[in-house]
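Enquirer: Below is one structure. I have some questions about it.
The values are calculated or read from the model by the stated rules, or taken from the named source; none is laboratory data. Bear in mind that the values here come from a model prediction, so they are computed numbers and not experimental data. We place every Cβ from the backbone using ideal geometry, glycine too, and count neighbours over all the protein chains shown. Protein only, heavy atoms only, side chains kept; ligands, DNA and RNA dropped before computing areas. Shrake-Rupley method; radii C 1.70, N 1.55, O 1.52, S 1.80 Å.
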Amino acid sequence: MKFTDIFIKRPVLSICLNALILIAGYQSIKSLNVRQYPRSDSAVVTVTTAYVGAPADLVRGYISTPLERVIASADGIDYIESNSKQGVSSIIAHLRLNFDVNAALTQIQAKVAQVRSELPPEAEAPIINVESSDNRFASLYIGFSSSQLEPNQLTEYLTRVVQPQLSAVSGVQKAEILGARTFAMRVWLKPDRMAAL
């Protein structure tokens, strides 16, 4: 007598065993912990410095270059990205995988404080932010337009009224204004010509 003959002669036994295998498989699927990727902590540190009215070349030479030099010497930096545009310098330092974020942040803050005196006096103090690299993309974009307000007036309204209210909402990490229209003018006066007039 073969082993399979038992299931042919006793169909109720074969149905019960099949049902038991299906139930065990279903239970194991429900309790199985599935992860697409292993847990890894990767973060970026962003250093943003505003130099209102300065062209991109000036921002690059006087702000981005000195800050890049000192930030690159901090421990845990994998690589650095830099973006210099009119009035704003943005440096993004990508940390090595699973490196202690607080230790890297402390070092970067100390390095930036060292060169603060070398930056132009008209430049604002650098703003340092830490964010995990998987949360760097916005969850929501809201568009604003007005037929009555000029672009700079709309930006001022968003900065003064809307941005604080959105930042106060529970669960919101940061409310940022993209495409802001802030106007500035740099004026160099000539005292001798003014005195002559």
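Enquirer: Working only within region 143-163, note down all residues that are closer than 23 Å to T46 by Cα and exposed (fewer than 11 other Cβ atoms within 10 Å of the Cβ).
Expert: Result: no residue meets the conditions.
Enquirer: Mind listing whichever residues of region 164-186 are aliphatic (A, V, I, L, M), within 26 Å of E122 (Cα to Cα) and loosely packed, with under 10 Cβ neighbours inside 10 Å?
Expert: Result: L178, M185.
Enquirer: In region 1-35, how many are of a type in the set (V, I, T) and in contact with a Ser or Thr (Cβ under 9 Å, 6 or more places away or on another chain)?
Expert: Pass one, region 1-35, residues of a type in the set (V, I, T): 4, 6, 8, 12, 15, 21, 23, 29, 34.
Next, only the ones that are in contact with a Ser or Thr (Cβ under 9 Å, 6 or more places away or on another chain) stay: 6, 8.
Residues flagged as of a type in the set (V, I, T) and in contact with a Ser or Thr (Cβ under 9 Å, 6 or more places away or on another chain) within region 1-35 amount to 2.
Enquirer: When only residues in region 61-93 that are out of contact with any strand residue (DSSP E or B) (no Cβ under 6 Å at 6 or more places or on another chain) and part of a strand (DSSP E or B) count, which is farthest from G179 (Cα to Cα)?
Expert: S84
Every residue, every condition in (1) open to solvent by less than 20 Å² (accessible area, probe 1.4 Å); (2) not aliphatic (A, V, I, L, M), yes or no:
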residue: A74; (1), (2): yes, no
residue: V88; (1), (2): no, no
residue: H94; (1), (2): no, yes
residue: Q109; (1), (2): no, yes
residue: L119; (1), (2): yes, no
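Enquirer: Which condition does G171 not pass, out of (1) in contact with a helix residue (DSSP H, G or I) (Cβ under 9 Å, 6 or more places away or on another chain); (2) on the phi > 0 side of the Ramachandran plot, if it passes all the others?
Expert: (1)
Enquirer: When region 8-51 is examined, which residues are found to be aliphatic (A, V, I, L, M), at pLDDT 90 or above, assigned to a helix (DSSP H, G or I) and open to solvent by less than 100 Å² (accessible area, probe 1.4 Å)?
Expert: Of everything in region 8-51, those that are aliphatic (A, V, I, L, M), at pLDDT 90 or above, assigned to a helix (DSSP H, G or I) and open to solvent by less than 100 Å² (accessible area, probe 1.4 Å) turn out to be L17, A19, A24.
Enquirer: Of the residues that make up region 77-84, is at least one open to solvent by 90 Å² or more (accessible area, probe 1.4 Å), more than 18 Å from the chain's Cα centre (by Cα) and either of a type in the set (F, W, Y) or modelled with pLDDT under 90 (or both)? Don't jump to the end; show me each part of the working.
Expert: Pass one, region 77-84, residues open to solvent by 90 Å² or more (accessible area, probe 1.4 Å): 78-79.
With more than 18 Å from the chain's Cα centre (by Cα) added as a condition, the list becomes none.
Looking through region 77-84, none of the residues is open to solvent by 90 Å² or more (accessible area, probe 1.4 Å), more than 18 Å from the chain's Cα centre (by Cα) and either of a type in the set (F, W, Y) or modelled with pLDDT under 90 (or both).
Enquirer: Do we find that L189 is over 20 Å from L67 (Cβ atoms), modelled with pLDDT under 85, aliphatic (A, V, I, L, M) and open to solvent by 70 Å² or more (accessible area, probe 1.4 Å) in this structure? Don't jump to the end; show me each part of the working.
Expert: Working: over 20 Å from L67 (Cβ atoms): yes; modelled with pLDDT under 85: no; aliphatic (A, V, I, L, M): yes; open to solvent by 70 Å² or more (accessible area, probe 1.4 Å): yes.
Against the criterion (over 20 Å from L67 (Cβ atoms), modelled with pLDDT under 85, aliphatic (A, V, I, L, M) and open to solvent by 70 Å² or more (accessible area, probe 1.4 Å)), L189 does not qualify.
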